[in-house]
Each structure stands twice: as structure tokens, then as C-alpha cells.
Amino acid sequence: MKNQNRGSFQTSFGTMMAVTGSAVGLGNIWRFPFLAGQNGGGAFLVVYIALVILVGLPLVLGEFTIGRSTHKGVVGSFKELAPKTKWYGVGYLTLITGFTILGFYSVIAGWTGRFLVEAVQGNFNSQSAAAISASFKEFTNSGYLPILYSVGFIAFTGWIVARGVEKGIEKFNKILMPALVVLLVLLCINSATLGGFADGMSFLFKPDFSKINGGMVLDAMGQVFFTLSVGMGVMLTYSSYVTKEENMPRSKATVAIIDTSIAIISGIAIFPAVFTFGIAPTEGPQLVFIALPSVFAQMPFGAALAFLFFAMLLIAALTSAISIYEMIVAYCIEEFSISRLRAVIYLSISVAALSVLASVSQIEGSSLTILGLNVFDFLDTLSSNYLLIAGGLFVSIFVGWVFRKDRLYNTFTSHGKYAVWLFKPFVFIIRYIVPVGVSLIFLSKIGLI
Ligand code: TRP
């Protein structure tokens, strides 16, 4: 049964912006720099890029072939392609992952909202890094403030998703994504004027290979999954809204290149600041929030730039959160035949509840911990280092071994029109390299090999 009201992306540019909007998010600007900082900089970057090519991009293509061939959501797709099997369980796994990610993603997005407000008030003007760090801690420790901001973010995301695929998701992404790129490049140019520029650049680009170890490779792989929005059915869902034929491998490679470039550009904007202001690169999740305001504080037009930067970060977060929302909402509409609005409301309430827990667990001395991590870190680690990777593993096995070859071929090449030569290498990579590589990294991390 074809659902008439399902919605679809109207233009290839719109599709591209939506997919890029999903990929480019807090993962690039907030998560990449702090992980690179904790894992030695350059060496992390090298492992990360290798994994984008060998594992990330093939998986994005894998998810795209599934969604494009069925035009259904995460559970429906597996039911159609592998009827009478339990493969649809992977769909449920991705729903849980999405929910987990939204729980902490909305908290960071809330922080971003807060910094945006502070920027408008000019609060960073001529403050030291220590003062900014202290007032940030005061904010996260206050309990109710971070909650207000993240709930506001959740409501806004919900509002856009409720407007639907064309009028909400496609329309907003088409405007917001190009704006983001322009802003980031501006910041990067400014970073070249900082005293710590050389140190920052050599930290990011001079790999010290002795830093490579199992934990770091797993962190890098988790980051690849996270930043490309893969392993969670988001790409699968978006691809189900693509009705026009296109050169899929080429457009997805473009997305991967844009996404990786934005992570690197953020690194260029951030590490020189880290070294200029004597902030520890290993600071963790708060790195970007402490490093950049310090830069703005001493710059001409700093207040305006701070405003632009946090506006941009919020945009990036928004377009990504929208994609995760859509994956879950599409499932609810399809599975329970409820309206889009109703699905959005239920989801928002549940996400808000989880996000409150994550937020409260960030208060210093909070006893809200799971397995020794506060709820926030637990959700982040659980989703990126375990759930996404499990999802990606299943997707690769499914596409490589279960998906009927002729149907896979027709979707991948648009019935023999594009990238025919890539089909065989793609199948080889997704059959062998991805599952074996992912399993090895994972097993070595948990100490089994
Ligand atoms: N890729 C986004 C980022 O870098 C986050 C994101 C959006 C995501 N959709 C996802 C992560 C799906 C994992 C799975 O911030």
C-alpha cells in the first residue's frame, strides 16, 4: 500500500541540504574537537578520515539503498525486504538509539541556546577563560536553567517536524545549511590571527602515531557513525523521501566530504583558541563552550561574532535533531496510523523527560549515575560507541548478505544509469570490510581480542 500523504523531497538540492543538515551538527562542531583533543589531535584525525572512507560512506550508501527501494520507514523497510524474518528488530534498535541520542543532544543544544542569549547580552566581553568557565559551571549547576533551554529546543524541533517533509524539513534546511558554512569560514579566517595558531594547527595536523590505541580507534569509529548520522535509520528514512533518480554514490560522497571538511574547519577555528588561552585540549564536552567565548571576548566585534557562532551551532543542532525526530515520527505514523502532529507531541514529551535526567546529572556531585557515568555521558557513550555501531553492523550484514542482489543493483545504480562500476566494490566493502572491521574494533575495545 502506498501512502499518499507520506511526503517527499521536492528537489535534489533540497534533498542534499536535508541530508547534509542531518550529518552536519553538534557532532562536527562540538563533539569532533573535544574527542580529537582527548585523543591526541592529528592521529585521531587520520584514523577518523580512514574510517569515514572505509566504513562510514559505505554504510550511508547501504542505508540509502534500503530506504530508496522501499519508501518506508525503519521497521517497514525491513519487513518489506525480508518478510517473515526478525530483521525488523533492527528497526526497533534504531528507534531506541535515536531516542537515546535525542536525550543528550537536546541538552547540548540547550547550552548552545544559552550561549546565544549570553552573546546577545554581550556577556563575554573582555572576560577571561577562567571566568567564562566558572559562569558556565554556574549555569549547568543551576539545575532549572539548562532544562528550560533544552525543553525550548525540543519544542522548536517538534514544531518544524510537525510542519512536514516539504514545508518543514526541506524548506528550513535549504536556508539554514548554506548560512552555516559561510559563518564557519569567517571564524576560521579569524583564527589565523591568534597567537596560538601555529600550536593549534600542529596539534590538529601533525599526527603522533604512538597515540593510536584500541580505545581511540573505537572513539573515532563512534564519531564517524555519529557525524554521518549512520547506524540509526536516519539516512534510511530520509532516503525514503527521495523519489527522483540521482547519482547516489556521488551525492553521498559529496555529503561525506562536506561533513568531514566542516569538522576539520571547526578544529581550525577551535584549537588555536585552545592554545592561545591556555585551555586544556582534553577538557571534554565543555571544550567548545569555553574555548570560543574566550576568543570572542578579546576580539574586535567579538560580541557580534559570538552571536553568529552560537546561532550557527544552534542551526546545525536543529537540522540534525530534526532528522532524528523524523526517523521516529515516520515510524509512528506508519506503524500506528496516527497523525504527524500527535506523533510529534508524544515524542517531544518523552524526549523532554530523558533530557531532564541528562541535564540534572550534569550538576556537580549529582548522584544520577549509571555504571559509573553520569546519565549524560552514559547516553552519549551508550549510543555512539555501542548502539550506533551495532546498528551499522546489522545494516552492513543486511545489505551485503540479505538484500536481494538485483533489487540492490537497481537501487544503487538507478536501474543501470549511474555509478555502475562502483557496484561491485560497494558490495565487497559492505559484505566483508565493514562487518569485519567494525567487529574487530569493537571486540578489541571490550577486551575480547
Ligand atoms: N550527525 C549529527 C551530528 O553530527 C547528529 C545526528 C543526526 C545523528 N542524526 C543522527 C547521529 C543519526 C547518529 C545518528 O551532530
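With a Förster radius of 30 Å, plug the Cβ-Cβ distance of VAL402 and ALA155 into 1/(1 + (r/R0)^6) and report the FRET value to the nearest 0.05.
Efficiency computed from Cβ-Cβ geometry: 0.15.
State the answer as a single residue: which of SER251, VAL224, GLN286 lies farthest towards the positive end of the charge dipole of segment 219-357, with beta carbon charges of +1 for Lys and Arg and -1 for Asp and Glu, about the Cα centre.
SER251
At what distance in nm do the modelled label points of ILE53 and HIS415 sit from each other, each positioned 7 Å from its Cα along Cα→Cβ?
For ILE53 paired with HIS415, the spin-label model returns 3.5 nm.
Give the residue list of GluC sites (Glu not before Pro) in segment 309-368 that are DSSP loop and have at most 15 other beta-carbon atoms within 10 angstrom.
When the GluC sites (Glu not before Pro) of segment 309-368 are filtered for loop state and at most 15 Cβ neighbours within 10 Å, GLU364 remain.
Relative to the longest principal Cα axis of the chain, at what angle does helix 388-397 sit, 0 to 90 degrees, rounded to 10?
It is inclined by approximately 30 degrees.
Calculated from DSSP H runs of 4 or more alone, at -39500 (n - 2.57) each and per residue, what is the 222 nm mean residue ellipticity of the chain, nearest 500?
-22000 deg cm²/dmol
Quick one: grab the alpha carbon gyration tensor of segment 1-148, order the square roots of its eigenvalues as a ≥ b ≥ c, and give me rounded if a/c is under 1.5, else prolate or oblate depending on whether a/b is larger than b/c.
Note, shape of segment 1-148 comes out prolate.
What is the calculated FRET efficiency for PHE428 to ARG6, with r their C-beta to C-beta distance and R₀ = 45 Å, to the nearest 0.05?
Rounded to the nearest 0.05, the efficiency is 0.85.
Using a cut-off of 13 Å between beta-carbons, work out the net charge of the residues near MET327 (Lys and Arg +1, Asp and Glu -1, MET327 not included).
Counting the neighbours of MET327, the net charge comes to -3.
What do you get for trypsin sites (Lys or Arg not before Pro) in segment 1-88 restricted to DSSP loop and a cutoff of at most 14 other Cβ within 10 Å of the site's Cβ?
Sparse-neighbourhood loop trypsin sites (Lys or Arg not before Pro): LYS2, LYS84, LYS86.
Between ILE189, ILE315, ILE169, which gets the highest mean-square fluctuation from a Gaussian network model of the chain, Cα cutoff 10 Å?
So, out of ILE189, ILE315, ILE169, the one fluctuating most is ILE189.
Among LEU95, VAL242, ALA330, whose Cα lies farthest out toward the positive end of the dipole of the chain, if unit charges sit on the beta carbon of Lys, Arg (+1) and Asp, Glu (-1)?
VAL242
Extending each Cα 7 Å along its Cβ direction at VAL185 and GLU335, get the distance between those two points in nm, one decimal.
4.3 nm
When we measure straight from the Cα of LYS72, which lysines land under 29 angstrom away, once same-chain ones fewer than 8 places off are left out?
LYS2, LYS84, LYS86, LYS167, LYS171, LYS174, LYS244, LYS252, LYS405, LYS417, LYS424
As I understand it, the value is the acute angle between the Cα axis of helix 171-191 and the longest principal axis of the Cα atoms of the chain; what does it come to in degrees, rounded to 10?
40 degrees
How large is log10 of I(q)/I(0) for segment 313-370 at q = 0.14, 0.25 Å⁻¹ when the intensity is taken from the Debye formula with one equal scatterer per alpha-carbon?
-0.53, -0.98
Please state the shape class of segment 118-209: rounded when a/c is under 1.5, otherwise prolate if a/b exceeds b/c and oblate if not, all from the C-alpha gyration tensor.
oblate
Multiply the residue separation of ILE96 and GLU80 by 0.36 nm, subtract the distance between their alpha-carbon atoms, and state the gained length in nm to one decimal.
3.7 nm
Sorted by packing (mean other beta-carbon atoms within 10 Å per residue), highest first, where do 345-356, 18-29 land?
So the peptides 345-356, 18-29, ranked by packing, come out 18-29, 345-356.
Per residue Cα convex hull volume for the chain, in cubic angstrom?
Taking only Cα atoms, the chain has a hull volume of 136 Å³ per residue.
With a sphere of radius 10 Å drawn around the Cβ of SER69, what net charge do the other residues whose Cβ falls strictly inside it have (Lys, Arg +1; Asp, Glu -1)?
+3
Among 214-224, 251-261, 387-397, what's the highest-first ranking by average C-beta atoms within 10 angstrom per residue?
Answer by packing, highest mean first, reads 387-397, 214-224, 251-261.
Summing +1 for each Lys or Arg and -1 for each Asp or Glu, what net charge is found among the other residues whose Cβ lies under 13 Å from the Cβ of LEU422?
My count for the surroundings of LEU422 gives +4.
Going by the alpha-carbon gyration tensor, a ≥ b ≥ c the square roots of its eigenvalues, is segment 261-364 rounded (a/c under 1.5) or, if a/c is not under 1.5, prolate (a/b greater than b/c) versus oblate?
It is prolate, given that a/c is not under 1.5 and a/b is the larger ratio.
Read-outs throughout are calculated quantities, based only on the coordinates presented, and are distinct from any laboratory measurement. Quick caveat, the model's predicted, so the values are computed rather than measured. Neighbour counts are summed over all protein chains in view; Cβ atoms, including those assigned to glycine, are modelled from backbone coordinates with ideal geometry.
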